[in-house]
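Comments concern the structure below.
The values are calculated or read from the model by the stated rules, or taken from the named source; none is laboratory data. Values in this document were obtained by computation on a predicted structure and should not be read as measured data. Note: ideal-geometry Cβ built from the backbone for every residue, glycine included; neighbour counts use all protein chains shown.
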Amino acid sequence: MYKVICVLFSLIGLSACDRNRVFDENKEIPGCNWFYKDLVGFDVMVEDTDYFYNIYLNTRIRSDYKYNNMFVLLHTQLPDKKDLKQRFEIQLADDLGKWLGSGLGDLYDYQYLIIKNANLGQRGIYRFRIEQNMRDDTLAAVAAAGIRIEKGDPKD
């Protein structure tokens, strides 16, 4: 019974530390082979326009990933149906090949801030689509990709 209570309080404590999280979801890449036409998509409801938002790209790679970086395109459709596209480079390893993410076994997780204090000023559904934008049509050893959005600074 003591162990159950400790675990329960730990979970409550961890969730309280993450109260700024609006959205955090990852999707597995089938077979760990990410074809460039297979966009990973997420629909996010934004209701509070009194804050800026921080947008993170989540990735999980295997240790046999052959590059030290990854380029992605973030396609964003705003609630008014306006489309935006931005390109980002995610640094995955240092110049000596040491992985920069947190790892367990042969998998490494990354949460990379791509947009700080984004102005999501329209209430409604934002559609985010992530496209791998490397030279390889099929990018091997990518296990998952995702998006995290959290409240940033309040607007003045």
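Is it true that some residue in the stretch 127-149 is more than 16 Å from Ile29 (Cα to Cα) and polar (S, T, N, Q)? No, there is no match, as no residue in the stretch 127-149 is more than 16 Å from Ile29 (Cα to Cα) and polar (S, T, N, Q). The sole residue among Leu96, Leu73, Leu100, Leu113 that is under 13 Å from the mean Cα position of the chain (by Cα) and over 25 Å from Lys37 (Cβ atoms) is Leu113. Restricting Phe23, Phe71, Phe88 to residues that are crowded, with 18+ Cβ neighbours inside 10 Å and in contact (Cβ under 8 Å) with a residue 24 or more places away in the chain narrows the list to Phe23. Across the stretch 44-64, the qualifying residues are those that are exposed (fewer than 12 other Cβ atoms within 10 Å of the Cβ) and over 17 Å from Ala141 (Cα atoms), and the one among them that is nearest to the chain's Cα centre (by Cα) is Met45.
Here Tyr67 passes the criteria (1) hydroxyl-bearing (Ser, Thr, Tyr); (2) more than 18 Å from the chain's Cα centre (by Cα); (3) within 29 Å of Arg19 (Cβ to Cβ) except the one numbered (3).
Taking every residue in the stretch 91-105 that is loosely packed, with under 10 Cβ neighbours inside 10 Å and pairing it with any residue that is at pLDDT 90 or above, at least 6 positions away or on another chain, the pairs with Cβ-Cβ distances below 9 Å are Asp95/Asn68; Gly97/Asn68; Gly105/Ser63.
Restricting Leu92, Leu100, Leu104 to those that are touching a Phe, Trp or Tyr at 6+ places or on another chain (Cβ under 9 Å) and at pLDDT below 95 reduces the list to Leu100. Can we say Ile125 is under 23 Å from Val22 (Cα atoms), out of contact with any helix residue (DSSP H, G or I) (no Cβ under 9 Å at 6 or more places or on another chain) and either buried (at least 18 other Cβ atoms within 10 Å of the Cβ) or not hydrophobic (A, V, I, L, M, F, W, C) (or both)? No. Counting the residues of the stretch 112-156 that are part of a strand (DSSP E or B) and either in contact with a His (Cβ under 7 Å, 6 or more places away or on another chain) or in contact (Cβ under 8 Å) with a residue 60 or more places away in the chain (or both) gives 29.
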